[in-house]
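Quick note: the coordinates plus some simple rules give every number you see, no bench work behind them. If you're wondering where the values come from, they're calculated on a predicted model, not measured in any experiment. Please note: Cβ atoms are built from the backbone with ideal geometry, for glycine as well, and neighbour counts cover all protein chains shown.
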Amino acid sequence: MSIQFDVAIVGGGLVGLATACALSDYDLNIAIIDKNIHQHECLQADKIGIRASALNGASQRYFTQIGIWDDLCSSGRVQEFTEIDVWEKNGQAHLSAQAKDYGYPNLGYIIENHVMSHYLYHYALASNNITLYSQEVIDSVFDDNCAFLTLADQVTLPAKLIIGADGANSWIRQHENISVLERNYIHHALITTVETEYPHHACAKQIFYPNGIVAFLPLYHPNRSCLVWSTKPDYAANLALLSETEFSYQLFQLTGDKVGHCQLINPRMIFPLKARFAKQFVKHRLVLVGDAAHTIHPLAGQGVNLGFQDSALLVSTIKKLIDENQDIGLVSNLKSFQFTRRKDTMVMLAAMQTIQDMFNGDNLFKKALRTVGMNTIDYCSPLKKQLIKYAMKI
């Protein structure tokens, strides 16, 4: 039986689309299956997305490799940030950094998720060897030489390798009985877009307080930012129900004169926060990437970067196997990918858990410890530079 596809990607979000686009310059037949895939077709110039992501240097280079970075920049929707400012409300802990102090042009980029998806979608749409299926997957079967995905319209797609990029509640992961280690962060994230009284000046801000974290990610408009407010579930639910005036008042109580008064631009959305780590990233003819493999707390903005790092390494692994005429679906050929990505993800999960635990609550000992720790980093330029280089993946 002939193989219709070399790679079939379940999930047409950021990581799934990026993986398909990066593979498209090889002689491969690629399928993307996502019932909502065509939602990325239109980009309204006056519509600001609710969700945005902070891209590090590695993700920016990956977009350059794919061939969409220049298009993204030409859209006028890419905002570089050149400064970070982190502090503790009612405490002495503080950490700040400016790119110019270390000879960097910036510390990263903030881009709305729907803008990135739009350009990746059109790149995929224009690729001769990528086929888009606006369908749900309802069954999967794996045999020695091939995998088969059955779609809702009863079409069956054979492929040498299935890539699961269908998010935190991955259907393919659950269907193939891949278990997940989970830990609730005891936080929900409220995400929206705000217009701030004071311009952001390309500075990403983050405020820790006993019951949560408030982050402002600067957008391409000088007074607009993506707001990520992670806090206890009950309080997050209450915040979502407040009038716009009362919500802005509660936000001002935490941020004070750092951003001034805020006006809501978009509706408020609530997302439960949970650490997830799949026990296997790789099975026979199946690989999990992005949120299907792992999720972390958004406090450092590294979730999407981890997903793009999964994608980039998987793409380079597949290309190497093809060049060596090796089977891209065998676990033995994908072990190095799994080892590297599991290791890097575990380090990031541990770091995020440690930071959240340290800033959770108002315990005097923890308060003193985080004050000493953050201020030591802030005053130790070589250490701070190393941390910045690690976060930026320079």
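I need the calculated FRET efficiency for the pair Ser243 and Asp25, taking r as the beta carbon distance and R₀ as 56 Å, to the nearest 0.05. Rounded to the nearest 0.05, the efficiency is 0.65. Between 0 and 90 degrees, rounded to the nearest ten: what's the tilt of helix 14-23 against the longest Cα principal axis of the chain? The answer is roughly 50 degrees.
Short-range pairs are left out: with C-alpha atoms under 8 Å and at least six residues apart, the relative contact order of the range 192-283 is 34 percent. Counting 0.36 nm for each residue step from Glu197 to Ala126 and taking away their Cα separation leaves a gain of 21.4 nm. Using the structure shown, select from Lys35/Lys335; Lys35/Lys160; Lys319/Lys343; Lys47/Lys319; Lys100/Lys205; Lys89/Lys274 the pairs with a Cα to Cα distance greater than 27 angstrom. Correct reply: Lys35/Lys335; Lys47/Lys319. Enclosing the Cα atoms of the chain in their convex hull gives a volume equal to 143 cubic angstrom per residue.
This model, with +1 at the C-beta of Lys and Arg and -1 at the C-beta of Asp and Glu, gives the chain a dipole about its Cα centre of some 1180 debye. Summary of packing: across the peptides 92-104, 18-30, the per-residue average of other C-beta atoms within 10 Å ranks them, highest first, as 18-30, 92-104.
Counting helices only, and only those DSSP H runs with n ≥ 4, report the 222 nm mean residue ellipticity of the chain as the sum of -39,500 (n - 2.57) divided by its residues, in deg cm²/dmol to the nearest 500. Kindly include the intermediate steps, with their values, before the conclusion.
Values: 11 runs with 144 residues, N = 394.
Computed ellipticity for the chain at 222 nm equals -11500 deg cm²/dmol.
DSSP finds beta bridges in the chain, and of those with both partners inside it, around 70 percent are antiparallel. Dipole orientation for the range 137-209: of the candidates Phe208, Val137, Ala152, Phe208 has the Cα lying most toward the positive pole (charges on Cβ; Lys, Arg +1; Asp, Glu -1).
Would you mind getting me the FRET efficiency between Val331 and His175? Use the beta-carbon distance for r and R0 = 22 Å, nearest 0.05. Before the final figure, lay out the partial values.
Details: r = 18 Å, r/R0 = 0.81.
In this case the efficiency is close to 0.80.
Put simply, when 256-268, 239-251 are sorted by average Cβ atoms within 10 angstrom per residue, most first, you get 256-268, 239-251. DSSP beta bridges confined to the range 3-99 are antiparallel in about 55 percent of cases.
Against the longest alpha carbon principal axis of the chain, how many degrees, from 0 to 90 and to the nearest 10, is the axis of helix 381-392 turned? Roughly 40 degrees, rounded to the nearest 10.
Shown here for the range 53-161: GluC sites (Glu not before Pro) in loop regions (DSSP other than H, G, I, E, B) with at most 16 other Cβ atoms within 10 Å, namely Glu136. With the simple spin-label model, which puts each label point 7 Å out from Cα in the Cβ direction, the Lys47 to Asp70 separation comes to 2.8 nm. Largest GNM mean-square fluctuation among Asp323, Asp344, Asp291, using the chain with Cα springs under 10 Å: Asp323.
Do you know the relative contact order of the range 259-359, to the nearest whole percent, from alpha carbon pairs under 8 angstrom that are 6+ apart? Spell out each step's value before the answer.
Numbers: 79 pairs, mean separation 27.2, N = 101.
About 27 percent, as a whole number.
The GNM of the chain, with springs linking C-alpha atoms under 10 angstrom apart, assigns the highest mean-square fluctuation among Met352, Met116, Met269 to Met269. The mean sequence separation of alpha-carbon pairs under 8 Å and at least six residues apart, normalised by the residue count of the chain, gives a relative contact order of 21 percent.
Most tightly packed first, judged by the mean number of other beta-carbon atoms within 10 Å of their residues, the peptides 176-183, 306-313 read 306-313, 176-183. Evaluated with a Cβ-only charge set (Lys, Arg +1; Asp, Glu -1), the range 75-217 carries a dipole of roughly 280 debye about its Cα centre, given to the nearest 20.
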